[in-house]
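We did not get these values from a lab; they are worked out from the coordinates using the rules stated. On a predicted model such as this, the values are computed, not experimentally measured, just so you know. Glycine also receives a Cβ, built like all others from the backbone with ideal geometry; neighbour counts cover every protein chain displayed.
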Amino acid sequence: MGRVCRIGICMLVFLFVQLQTYKHVYNIFYKEVIALVVDQVKQHGISVFLMPSGMLGTLMSLIDVLPLFSNSAWGQKSNIAFLQKHMGASFERRAKPWVATINPDDVHSGDFLALSKIRGRWGGFETLEKWVTGAFAGHTAVCLKDEDGKLWVGESGHENEKGEEIIVVIPWEEWWELTLKDNSNPHVALLPLHPELRAKFNVTAAWAYAWSMSGKPYGYHNMIFSWIDTIADNYPPPLDTHLVISAMSMWTRVQPSYAANMWNEALNKRLGTEDLDLYEIIAETEKRGMTFDHLLTIPEQDEWVYSDGKSTTCVAFILEMYKEAGILGPLSSSIQVTEFTIRDAYMLKIFESNHTRLPNWCNNGDKQLPFCQILGEYRMEFPHYNTIEPYAKMNENCPSLPPTYERPVSC
């Protein structure tokens, strides 16, 4: 059996405090933590977490995560090792050149861009995102062509001059130049739509949707809810709902505006309430005889409008555009794309299925890939790519446990 931490939140608190660089930050955080612990004990008693590796082993495992965020060869090696160990990723090195010479004439409106970063701040974040969701990519964008045949990129999560993550529509050349300059060693794949669906793609509707969303913030409100579908089967050990609520509670104390943006509004939507903070949400949940872990699993609804407008993550932005453009046909009204992870998106059976129709410039002669890899030193892989026909209520109740990420039919 494992050893016991008397108050479960202490484990996270202890680690976070050790990582503080400046004394004043430590002191502020320490006071917040003490208040949080006292409140937690008063309201809910003592929480107990069993740690099979013991306190020291658990802390050492958490500290192993830190190198993932290093923007160095060490950081890249750490991310690769983590994904190989926990997801079975292969990371086969590609033949040079690692950058494709792209002919924009061969790229069409609706073609999907999948990105994977493997070093630095975003590389580390994407690695953890991949681990919990099962996706072998960490970011997405979509191609659009205007009436003059000029190629553009629509993207939710583009960093502007102020450092804000927003939705943009920018020329392909600008997007590609920024991608090539990115020091997180991005890998990029172009996933062309199937020709039959490309012929149905309503470009006018797609552009109208893209411009209506341009400038809006990235979909922080529903980011975690595309991942959490089940009571217990979306949390890779040692994560669980108790740890999630502890983390939510801690961040609510330290950064209340961040917490309101990330989950409070979304949880209020699920309860049909307004402006409740996290603790009031928990109280309301208990009053209704509902558990908090069940509240987290209630599906996101595409029509929900938040305080700053509709909220779409990078992949939800693209799939919502697909709905507007007719790609999902009559199923559009019965599919909530804000419930989709990146893995869910690239598994959709909507992409080119005949590799002989792929452009000559993609994959540098590597015929093993069913899509176009246009950047990166390692071969990208998307298990179960292009295999699942869309269906009603898709991805509303899907588990995602590593390392196999088995997915029941029609979940």
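Quick notes
- Theoretical gain in end-to-end length, THR101 to GLU159 [0.36 nm per residue, Cα-Cα removed]: 18.4 nm
- Projected label distance in nm at ASN397 and ASP240, using a 7 Å step from Cα toward the beta-carbon: 2.3
- Distance violations [Cα-Cα > 21 Å] among LYS85/LYS130; LYS181/LYS323; LYS216/LYS349; LYS77/LYS117; LYS85/LYS117; LYS216/LYS323: LYS181/LYS323; LYS216/LYS349
- Sum of side-chain charges, SER70 neighbourhood, beta-carbon under 10 Å (Lys, Arg +1; Asp, Glu -1): +3
- Region 85-240: relative contact order in percent, alpha carbon pairs under 8 Å with at least 6 residues between: 25
- Applying 0.36 nm per residue to the separation of GLN84 and GLU286 and subtracting their alpha-carbon distance, the gain on full extension is 68.6 nm.
- Extension gain, ALA247-ARG198: 0.36 nm per intervening residue step, less the Cα-Cα distance, totals 13.3 nm.
- Loop-resident sites, region 249-346, for trypsin sites (Lys or Arg not before Pro), counting at most 16 other Cβ within 10 Å (DSSP): ARG288
- Local electrostatic count at SER257 - Lys and Arg +1, Asp and Glu -1, tallied over other residues with Cβ under 13 Å: -2
- Among residues other than ILE166 with Cβ under 12 Å from its Cβ, the summed charge is -4 (Lys and Arg +1, Asp and Glu -1).
- Virtual spin-label span in nm between ASN183 and LEU271, 7 Å along Cα→Cβ: 4.4
- Point-to-point label distance, TRP361-GLU92, nm (Cα→Cβ direction, 7 Å offset): 2.5
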